[in-house]
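Worksheet: the structure to be examined is printed underneath.
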Amino acid sequence: MSASSFASSASSDASTPVRSAAVVNVEIRALWTRAGGALSAAEQERYQRLLVEWAAAVRADVVEAA
């Protein structure tokens with residue numbers, strides 16, 4: 001599944017609470033640290049989901065600031 005597919009599926013579920021970008025970023029960094037710089041297929045999928053979540057959190061922060 002592509003990142004754009006994740007984005008559309010993530011944005012369609014308005015009931016899912018959005019974690020802060022900082023919290024998601026910590027999880028992304030921990031994933032890379034545990035993986036030692038090389039992600040398995042499952043870790044790559046998790047990373048893509050985290051990126052989509054991070055982007056949603058950043059967008060929410062921008063809308064809130066406006």
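Going highest first, how would you order 47-55, 26-34 by mean Cβ packing within 10 Å?
Details: 47-55: 17.9, 26-34: 12.1.
Ranked by mean Cβ neighbours within 10 Å, highest first: 47-55, 26-34.
Please compute the modelled spin-label separation between E45 and V58, points set 7 Å along Cα→Cβ, answer in nm with one decimal.
Distance between label points: 2.5 nm.
A short reminder: the numbers here are calculations on the coordinates, not readings from a lab. Because the structure is a prediction, the values reported are computed rather than measured. Glycine also receives a Cβ, built like all others from the backbone with ideal geometry; neighbour counts cover every protein chain displayed.
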